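Everything below concerns the one structure shown next.
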Amino acid sequence: MPVEQRLSWDPRHEPCIPVVKTDGAEIALSLCELFGQADGLSTISCATAGEAVAVIEYLLAICFAAEICPATPEEWKEWVLDGHDLGRASEWLADEPEDDWNMFHPEKPLGQNSLLIESFTKSSTGTAQLVIERTGDYNQFFDHHHLEDGEPLPAAQAFRAMLTQHAYATYGRARMTGEDLGPTVTNLATGRLQGRIRVVALGSTLGETLRLNLYPYKGAVGKLNTSWTSGSVTRRTFDKKAVPRVPDSPADLHSALGRSVLLHPALAPDGSIVVNRVLIGAGEVLALDDELHLQDAVFVQPASGPPKPLWPSPTRALWQEAHALYSAVKAQQPGLYKRLASLPYKRKDRSAPYQLWAVGLIANKTLPVTWTDGHFPYAPGMAAHLYRASRRGSRIAEYLAWSLKRAATIASETVHSAAHAADEARQVARFDARWMFWPAAAKPFDRLLDQVIEEGFDNPDDPVSSPLAEYTRVLLDSARTHLVYRLDSLPPNKRGYEARARALRRFEDDVAHDKAPAELRGEIAHD
């Protein structure tokens, strides 16, 4: 490493993962401590949903590498129901060679590609490009000078940011030359979780979460990708376009090096180790099998082409797609959902024993924009009920939003009767309540699903109809309130009063129409 003093930092023994204990206390643990205390921890508490998923991916990889995974679907069920201890992963980690786990090893730094050293001095930048949420900032600067302004990152934060890059990084061009390693080192491929929704089954403890997401695998469970220059994997070169390789094991898959990364360590004034310089180039390109490597993916049918994994949308919130997750369990889609469907209907209380956590990164081509995520309750045996509730709930919200748009259009046409076509969108937007309605609809939808779970404890035959009726009333009141608020901007004259009356009438007519969802008319639908 290009550093005067050789520094060492090992996540097995350094506090690097922020967690919440079951008593609510927030602490940071090393990897060894985390596995030893997994069933006393509630959850991982990272800065972003994507970082938390990347950490879970890494923990799963460690479990597979340590051969701590069920051998069959039946054994998986036993592990989940009996709370199989994962503490042996701590012992396995402690016995691993120290050189393999030093994040600043000169030849094989953990999670990195030491071959970048030849380009490091002339091409490395500040730490901003390591953190996905910050990388978008420099696209607007032609000279990229502000990359030099990044504050040093604590080693633990840099470790987690690196894991997130490996899993979620967007495609684009690396900010380095290909003079030393080859021209294709600058061609950044899309991360294996980028562009799709990753679904993690959550339990009441971190240990239960890991057991839920471990899966039986036919063949060797494999070894971790501890660095680019170590291990048995034959890595790509950068003198030609990458040929995607098939992961040889689950440990390989969940620890894949989606980027070539090199981090420069330094000592902070307080004596702690930080990262102050970063270089990122192209990494692995994987050939993924839908059934084997995308155990959690929910496949949906787009407008054209073959089915594809559910993807993050900038215009459609994840809760609007919750029915796709429940449909996958209901249909026993192979992988995670078939295993979840196999769990026995065994309720200890009225709350949901599990959550389906959906996470995605919304990007505008090469520019990361924001993380999107949603938590959706699940109880064994209730997939059909939850599917019905989420599907009807989404349809009701969409119909109300459509009605709000029609009301806004009527108001605009009435008050701007002689408007130019080019001004239509702007004028309609003035009265369009959808942008207020959609965010307000999320909490009632979450409450709907929780109520279905609670109702199912006492009324297993039809736990949906009553909560769905209450949800519909709440959403209808919300839509009316937001519409009236938007119409308040109409002028206090004859044309304004007419526009208001016509808009409200159009909305009420739409709500009462035969084509409206049955719940809006006080009826019950069972589709």
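The values are calculated or read from the model by the stated rules, or taken from the named source; none is laboratory data. Given the structure is predicted, the values throughout are model-derived calculations rather than measurements. Here Cβ is always computed from backbone atoms with ideal geometry, including for glycine, and neighbour counts include all displayed protein chains. These area figures cover heavy atoms from the full protein model, side chains too; ligands, DNA and RNA do not enter into them. Shrake-Rupley method; radii C 1.70, N 1.55, O 1.52, S 1.80 Å.
Points to keep in mind about this one:
- A probe of 1.4 angstrom, applied to the heavy atoms of all protein chains, finds H105 with accessible area near 20 square angstrom.
- The listed peptides 345-357, 429-441, 321-333, ordered by packing as a protection proxy, come out as 321-333, 429-441, 345-357 (highest mean of other Cβ atoms within 10 Å first).
- If you model the chain as an ellipsoid using its alpha carbon gyration tensor, with each semi-axis the square root of five times an eigenvalue, the axes come out at 45, 31, 20 Å, biggest first.
- Percent of Cα-Cα distances greater than 18 Å, calculated over the range 1-119: 60
- Based on protein heavy atoms only, the chain ends up with 44 Å² per residue of surface accessible to a 1.4 Å probe.
- Hydrodynamic estimate: the Kirkwood radius of the range 18-81 over Cα pairs, inserted into Stokes-Einstein at 25 °C and 0.890 mPa s, corresponds to D of 189 µm²/s.
- Selection among Y354, L343, H375 by position relative to the dipole of the range 332-444 gives L343 as farthest towards the positive end (Cβ unit charges, Cα centre).
- Scattering profile of the range 57-101 at q = 0.17, 0.18, 0.28, 0.31 Å⁻¹ [log10 I(q)/I(0), Debye over alpha-carbon scatterers]: -0.53, -0.58, -1.08, -1.18
- Cα pair distances in the range 393-527, grouped into 5 Å bins until the bin that holds the longest one, percent each: 2, 11, 19, 19, 16, 12, 9, 6, 4, 2, 1, 0
- Per residue, the Cα convex hull of the range 324-479 amounts to 140 Å³.
- Solvent accessible area, Å² - I362, 1.4 Å probe, full protein context: 20
- Solvent-accessible area assigned to carbon and sulfur over the range 53-190 amounts to 48 percent, based on a 1.4 Å probe.
- For L130, the solvent-accessible surface with a 1.4 Å probe is about 0 Å², rounded to the nearest 10.
- Overall Cα dimensions of the range 376-467 - principal axes, largest extent first, Å: 58, 18, 16
- Radius of gyration over Kirkwood radius for the range 472-527, both on Cα atoms: the Rg/Rh ratio is 1.09.
- A dipole drawn for the chain from +1 and -1 charges on Cβ atoms has a positive end, and of A479, A61, A512 the residue lying farthest that way is A512.
- Rounded Å value of the spacing that divides the Cα centres of the range 10-33 and the range 451-479: 39
- Nitroxide proxy distance, nm - points 7 Å out along Cα→Cβ at Y345 and A518: 2.1
- For the range 193-243, the share of alpha carbon pairs falling in successive 10 Å distance bins from zero is 18, 25, 40, 15, 3 percent.
- For E284, the shell of other residues with beta-carbons less than 11 Å away shows a net charge of +4, using +1 for Lys and Arg and -1 for Asp and Glu.
- D527-D488 FRET efficiency (beta carbon distance; Förster radius 45 Å; 0.05 resolution): 0.75
- Probe 1.4 Å, all protein chains present, accessible-area order of S342, S227, largest first: S342, S227
- Cβ-defined net charge surrounding R521, 11 Å radius [Lys, Arg +1; Asp, Glu -1]: -2
- Screening the chain for whole DSSP H helices with an alpha carbon extent of at least 15 angstrom along the helix axis and a mean Kyte-Doolittle hydropathy of at least 0.5 yields 49-65.
- Counted by Cβ distance under 11 Å from L31, the other residues give a net charge of -3, where Lys and Arg count +1 and Asp and Glu count -1.
- √(5λ) per eigenvalue of the Cα gyration tensor, the range 159-277, largest first, Å: 27, 22, 15
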